[in-house]
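Data first, discussion second: the structure below is written as structure tokens.
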Amino acid sequence: MKTKSLIFCIIALLLLSYNNNLHRRHENRSQENTAEISVSGKPVPAFQIKKGVKCAVRVVGITDGDTFKGLTADNQQVKCRIFGIDAPEKNQAFGQKSKQYLSELIFGKTVTIKIQGKSWDRAVVWAYTKEGKDISAEMLRAGMAWHYKKYSDDAEYAKLENQARRQKVGLWADKNAVAPWIFRKKQ
């Protein structure tokens, strides 16, 4: 009888110990998801999307032809929507080509961003290559995006889109090109 009681106590202690460890692991995981991250042991506030903020980011992901993810110098991730353009959706004609072109331009490289605003938890940014090339202008010049006139009245962007249309470059080679905002409405 003493042996059974001893075994029961050991099992009970093991179960309690396991439950406490499980609780501690879950507690630690929830702390990792707070608004602060740690760099070199010092807490750093989460990246703030504020108009006018300018910083360099290393591009670590391309979502589509007008959206990318970058890491700041203190390893904070920021999702960036490029200002002034609207690229084809992923499942739209030229969507993958547009994404690939943006990737060739900036993936793995450091770009300078200047925040214009915020949309859907993304920083809406002007983005520039290390050499100072305007990413929006490069996408328009290559015919890989529309000038998003709803949000930008930039005359240079309008001119670049018109040149690409006349030269039938990129998506303008398709005589039935559908603007992404119209494509999204139909979905």
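Counting beta carbons within 10 Å around each of GLU131, GLU156, GLU161 and listing the fewest first gives the order GLU131, GLU156, GLU161. For ARG165, ARG141, ARG184, the sequence from fewest to most other C-beta atoms within 10 Å is ARG184, ARG165, ARG141.
The string of couplings for the stretch 131-148 from the Karplus curve (6.51, -1.76, 1.60, θ = phi - 60°) is 7, x, 6, 6, 4, 4, 4, 5, 5, 5, 4, 7, x, 9, 6, 8, 6, 8 Hz, one whole number per residue in order, with x for Gly and Pro. Excluding same-chain neighbours fewer than eight residues apart, the aspartates and glutamates reachable from LYS99 by a Cα-Cα span under 16 Å are ASP64, ASP66, ASP86, GLU89, GLU138. Once you reduce the stretch 48-94 and the stretch 127-187 to the center of their Cα atoms, the two points are 16 Å from each other. Computed over all pairs of different Cα atoms, the Kirkwood value for the hydrodynamic radius of the stretch 54-175 is 14.2 Å. For the residue pairs LYS54/LYS79; LYS109/LYS185; LYS79/LYS109; LYS90/LYS185; LYS51/LYS97; LYS130/LYS175, alpha carbon separations beyond 26 Å are given by LYS109/LYS185; LYS51/LYS97; LYS130/LYS175. When each of the peptides 49-62, 74-87 is scored by the mean number of other C-beta atoms lying within 10 Å of its residues, the order from highest to lowest reads 74-87, 49-62. Remark: TRP120, TRP146 ranked as TRP120, TRP146, counting other beta-carbon atoms within 10 Å and listing the fewest first.
Using θ = phi - 60° in the Karplus curve 6.51 cos²θ - 1.76 cosθ + 1.60, the 3J(HN,Hα) couplings for the stretch 78-83 round to 10, 8, 10, 9, 6, 6 Hz; x is entered for Gly and Pro.
Values in this text are rule-based calculations from the coordinates and carry no lab data. Remember, it's a predicted structure, so these values are computed and weren't measured experimentally. Here Cβ is always computed from backbone atoms with ideal geometry, including for glycine, and neighbour counts include all displayed protein chains.
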